[in-house]
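The values are calculated or read from the model by the stated rules, or taken from the named source; none is laboratory data. Keep in mind that this is a model prediction, so the values were computed, not measured. Here the Cβ is made from the backbone with ideal geometry for all residues, glycine too, and neighbour counts use every protein chain on show. Surface areas here come from the heavy atoms of the whole protein model, side chains and all, with no ligands, DNA or RNA. Shrake-Rupley method; radii C 1.70, N 1.55, O 1.52, S 1.80 Å.
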Amino acid sequence: MSANRVPDDKASQPRQKESLSALGGWRMLFRNPGVVLHTMRHGRFIGKDDFDNRYYEEWGITRPDGRRRRWVYYPLGRREASLVPPEWHAWLH
């Protein structure tokens, strides 16, 4: 995993929203508004890999099994699941 991975201590992490520029700017907002707005509102940035994929999880527990929802945000809308490294794939699932 990336060196800039956030520690798992959720209580000590301040709630900080992701900026529009970090998610690709206005172009990505118009291209995929649902994902961009959901990520800005509900996503907590976890880390980034060598392919510039950004990994997020929800602030609150939303799944019935008590886990947080996790997702990957691909740069420039390049949705290619084969570019997710094995460590991050394991983290996502």
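So is Ala11 assigned to a helix (DSSP H, G or I) and modelled with pLDDT under 65 or not?
Here the answer is yes, as Ala11 does meet what is asked.
Residues checked against (1) part of a loop (DSSP other than H, G, I, E, B); (2) of a type in the set (Val, Ile, Thr):
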position	(1), (2)
Phe51	yes, no
Ile61	yes, yes
Pro64	yes, no
Trp91	no, no
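Could you please give the count of residues in the range 72-81 that are open to solvent by 90 Å² or more (accessible area, probe 1.4 Å) and out of contact with any helix residue (DSSP H, G or I) (no Cβ under 9 Å at 6 or more places or on another chain)? Talk me through it step by step, then tell me what you get.
Of the range 72-81, the ones open to solvent by 90 Å² or more (accessible area, probe 1.4 Å) are 76, 78-79.
After this cut, where a residue has to be out of contact with any helix residue (DSSP H, G or I) (no Cβ under 9 Å at 6 or more places or on another chain) as well, the list is 78-79.
The qualifying residues number 2.
Identify the residue in the range 50-71 that is touching a helix residue (DSSP H, G or I) at 6+ places or on another chain (Cβ under 7 Å) and either open to solvent by 70 Å² or more (accessible area, probe 1.4 Å) or aromatic (Phe, Trp, Tyr) (or both) and, among all such residues, is modelled with the lowest pLDDT.
Trp59
Which of the residues that make up the range 39-49 are under 16 Å from Glu87 (Cβ atoms) and either assigned to a loop (DSSP other than H, G, I, E, B) or open to solvent by 70 Å² or more (accessible area, probe 1.4 Å) (or both)?
Quick first cut of the range 39-49, residues under 16 Å from Glu87 (Cβ atoms) only: 46-49.
Within the range 39-49, Asp49 is the sole residue that qualifies.
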